[in-house]
Amino acid sequence: MVFAVQDLHIEFGPRVLFDSLSFVVEQGDRIAFAGQNGAGKSTLMKCIVGAMEPDHGKVLLPKHTQVGYLPQDGIHIAGAPLLEEVLGSVGNIVELQQVVDELSADLQMMDASTPEYKDTLEEIGRLELILQDRDAARLRPRTESILRGLGFADKDFARDCGEFSGGWQMRIALAKLLLQEPEVLLLDEPTNHLDLQSQRWLEQSLRTYRGAICIISHDVALLDNLVTRTIAFHHGRAEEYAGNFSFYLKESKARKEILLRQAKAQQREIAKTQEFIDRFRAKATKATQVQSRIKQLEKVELIEVEDDDAVMSFHFPPPPPGGHTVVKLEKACKAYGPITLLNGYDFTMAKGDRIAIVGVNGSGKSTFTRLISGTEAPDAGTFAFGHHTQVAFFSQTHADVLDDEQTVLECVEAAASRETRPMVRNILGCFLFRGDDVFKKIGVLSGGERSRVALVCMLLKPANFLIMDEPTNHLDFQSQDVLQRALLEYPGSYCIVSHNRQFLDPIVNKVLEFRLGHAPRLFYGNVSAYLETVEAEERRLKAAAQPALADSAPPQQTGNRKDARRAREMARQQRNKVLKPLQTNLETVEEEIAAKDARKEAISAELENPANMSDNQKLMELTQEYQQLERETETLYSRWEELSVEIELKTAELEAEFGSLNA
C-alpha cells in the first residue's frame, strides 16, 4: 500500500462532497479522478497532501512516503536560475541515505516470510535507485533532459525562474516533481499549459514512472493511454472502475441501465405487496399475512437512481454572409525585441477553413491570433479582412477586463445582442453556471470561472469568423462536448489555438504549425494527421542521419579496386531502378500541386473582383471549383508525403548496403 483514504467526509455548508469515501492506492497504480467541475476532485487531492483537513475520516500514509502535488494554479517560483532551482529540489542525499539505513535496520528485526518484510525490501530498493539517479554525474543530464522534454530551451537554463509566465511556472513545478520521483504523484490538470510535443513527452514519462499516479485531466487521450483505474465522483458519492476513462464512460452507462432495471423490478414487487395489503387489510383471516407484508415493506431499502445532469446544447447565432476571403496577411513581420515571430509571412484564410493553431509556447500563436483579429498591427506588411468579415475573438486576457461589480448574468446579458439575449441562461448552464451561480459577482470568481464568462460573451456575438485562444482550458468534458457539437454545426470559419487533440480532431480541416525560428507551416487534415506527418519527418531525418554517420567513419581498406568499382556500379543501377521512378513521381506531384495552387490564386482574385459580386451563378461555380481544388490538393499532399518517406527509406536501405550513392 502506498496510501489509503479511510471514511473521508467533506462538506461545504449543506453540500456534501464525499461521504464515507474509502480506497487504497498501491505501488504502480495509475488512477484518474473523474467527475464534473465542482465534484470535489481537487479538494480530495488537497486532503491527501495535507493542505486541507476533512470533516471526518483520514488519509493513511506509511512512514517515509513522499507525496508530490501539482495544483492547477497558484504556483510562483523566483529567485534562482531555472536549472539550479530544479536541481536543488531533489533534497539532501544524506537525509535520503539515513532513511535507507533506518529501513535496513528495521529489516533485520523482521520475519522474512511476512508481507511487511517484502514491502520494506522493495522500498529500500526504490530509494537506492533514487540515490543512484541523484549521483551528481547523472543528476544534471537527467534534469536537463526533463526540462527539454517540457519545452524549455538550453538558453532558458540560466534565466531566473521569476521571468517565466504562469504556464511555464507550472512546467517548472512539474519538472521538480519528475526529478524528485516521490512515491505518489498527484497531478491536477498537468497538460493545461503544455504544447503537443510536451504532452507527448509527458505521457511517455508518466507511463514509465516508478511510483503511483493520481491524475485529474480533461485530456481523454492521456487518460486512456495512462490510467488503469478510474474513481468517479458524482453527487457526493464515489464509484470505482477497473479501467481507463473510456471504459468508465461505457461501464457507468451499463451500471446505470442495470440499476434502472433493478429499480423497476423492485417497484413492481412493492406494488404487488401493497396491493395484497390493501386488498386483505380488513379480513381477519389474512391479518397475520398482511402484518408480515407490512413489516417486509418497512425493511425494503429502496434502490435510488440518480437523475443524470441535464444535457444542454448550444447553437451559435446565425453568422452574417461574408466573402470568399476571410482574412489576409501579406509580407507580415512581427518581432518582440530580438525575437522574430513572423518575417515576410503571407497568409490567406478562405471561407470554410477550420484551422487548428499549434506549436510550442512562445512561438507566436497568441500573437498571430491578435494579428488576424485586427487587435494588433504587424510591424511591417499588410493586414485586411475579407468582404463583410465579422470577427468574434476569445483571448485569455479578455477575462481580465470584465467588470468585477457586475454579476455573471449582467455581464453576459450586456454582451448579448437582441437576438441572442434569450439564449443567455441556456448557454451559461452549458458552461457550468447554473442556478444561483449566475448571480455571483465577477470579482469573486476564480480565474477559470472568469475565463468561462469571457468565452460565453464571445460565443453570443453573431460573427462569421471565430478566433479562440485555448477555449477548453477550464471546461469539463460535458462543456467541451457542447462547444464541439456547436462548432461542428457552425457554418462560418474559425481558428482555434489549442493542444486538445480529442477536441480538435473532429472539427478542423487544417493545422497551422508555429515553430521558433521558422515560418509557420500549413498542413491539410486534422491534428492526428499533422502528428503523423511530423513523426514521418522525424523518421526521415533519422534515416538521413544514419548514412551521414557512416560516411564520417574512416574508410576501410579494400584490396580490390575492381570490386569497389563493381559495387559502385551496382549502387548506381539500383538507384536508377528503385529511386528514379519514385523521384519522377514526386516531381510530377509537385508540378500538379503548383498548378492547382496557381489556379486557386486565380480563383481567389476572381472572387474578390467587385465586377463578379453581383453574378451569383459565377460566384457559386468559382467557389465549388475552389473547394474541389482544395480537396485535390489535400490528396496530392498526402501522396507527396508518402513518396518522400518512401524515397528516404529506400535511400537509407541502399546506402546501408552500398555506401553513399553520391560516391
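The values are calculated or read from the model by the stated rules, or taken from the named source; none is laboratory data. Please read all numbers here as calculations on a predicted model, not as lab measurements. With ideal geometry, Cβ positions are generated from the backbone for all residues, glycine too; neighbour counts draw on all protein chains shown.
So that you can scan it fast, the table gives a plain yes or no per residue for (1) of a type in the set (Val, Ile, Thr); (2) assigned to a helix (DSSP H, G or I):
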site	(1), (2)
LEU139	no, yes
ARG142	no, yes
SER145	no, yes
ALA158	no, no
GLY162	no, yes
TRP168	no, yes
ILE172	yes, yes
LEU178	no, yes
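Of everything in the stretch 355-405 that is outside any helix (DSSP H, G or I) and in contact with a Phe, Trp or Tyr (Cβ under 6 Å, 6 or more places away or on another chain), the residue that is nearest to SER451 (Cα to Cα) is VAL391. Within the stretch 325-335, identify whether any single residue is among the basic types (Lys, Arg), surrounded by fewer than 20 Cβ atoms within 10 Å (Cβ to Cβ) and more than 30 Å from ASP615 (Cβ to Cβ), and answer yes or no. Yes, there is a match, as at least one residue in the stretch 325-335 is among the basic types (Lys, Arg), surrounded by fewer than 20 Cβ atoms within 10 Å (Cβ to Cβ) and more than 30 Å from ASP615 (Cβ to Cβ). Assigned by TED's automatic domain parsing to the domain that holds LEU83, part of a helix (DSSP H, G or I) and either more than 15 Å from PRO182 (Cα to Cα) or in contact with a strand residue (DSSP E or B) (Cβ under 7 Å, 6 or more places away or on another chain) (or both): which single residue out of LEU131, LEU127, LEU107 fits that description? Answer to the check: LEU107. Here PHE152 clears all of (1) over 30 Å from VAL99 (Cα atoms); (2) assigned to a helix (DSSP H, G or I) except the condition numbered (2). Taking the listed residues THR651, THR633, the one that is at pLDDT 80 or above, in contact with a helix residue (DSSP H, G or I) (Cβ under 8 Å, 6 or more places away or on another chain) and not assigned by TED's automatic domain parsing to the domain that holds THR348 is THR633, with no other qualifying. For the stretch 300-310, the count of residues that are more than 30 Å from ASN426 (Cα to Cα) and touching a Gly at 6+ places or on another chain (Cβ under 9 Å) is zero. Answer yes or no as to whether ILE231 is touching a Cys at 6+ places or on another chain (Cβ under 9 Å) and either polar (S, T, N, Q) or over 23 Å from PHE18 (Cβ atoms) (or both). It is false that ILE231 is touching a Cys at 6+ places or on another chain (Cβ under 9 Å) and either polar (S, T, N, Q) or over 23 Å from PHE18 (Cβ atoms) (or both).
The strands (runs of 3 or more DSSP E) located wholly in the stretch 452-517 that include 1 or more residues which are closer than 13 Å to PHE316 by Cβ occupy 465-469, 493-497. From the residues in the stretch 53-64 that are closer than 16 Å to ASP19 by Cα and not β-branched (Val, Ile, Thr), which one is surrounded by the most Cβ atoms within 10 Å (Cβ to Cβ)? My answer is PRO54.
Whether a residue is under 24 Å from LEU619 (Cα atoms), basic (Lys, Arg) and in the same structural domain as ILE442 (by TED's automatic domain parsing) was assessed, and LYS351 passes this test. For the stretch 422-469, the set of residues classified as among the charged types (D, E, K, R) and within 28 Å of LYS351 (Cβ to Cβ) consists of LYS461, ASP469, listed by residue number. Across the stretch 145-157, a minimum of one residue is classified as touching a strand residue (DSSP E or B) at 6+ places or on another chain (Cβ under 8 Å) and either farther than 26 Å from SER42 by Cβ or hydroxyl-bearing (Ser, Thr, Tyr) (or both).
Taken over the stretch 409-445, the criterion of being among the small types (Gly, Ala, Ser) and under 19 Å from LEU483 (Cα atoms) is satisfied by ALA415, ALA416, GLY429.
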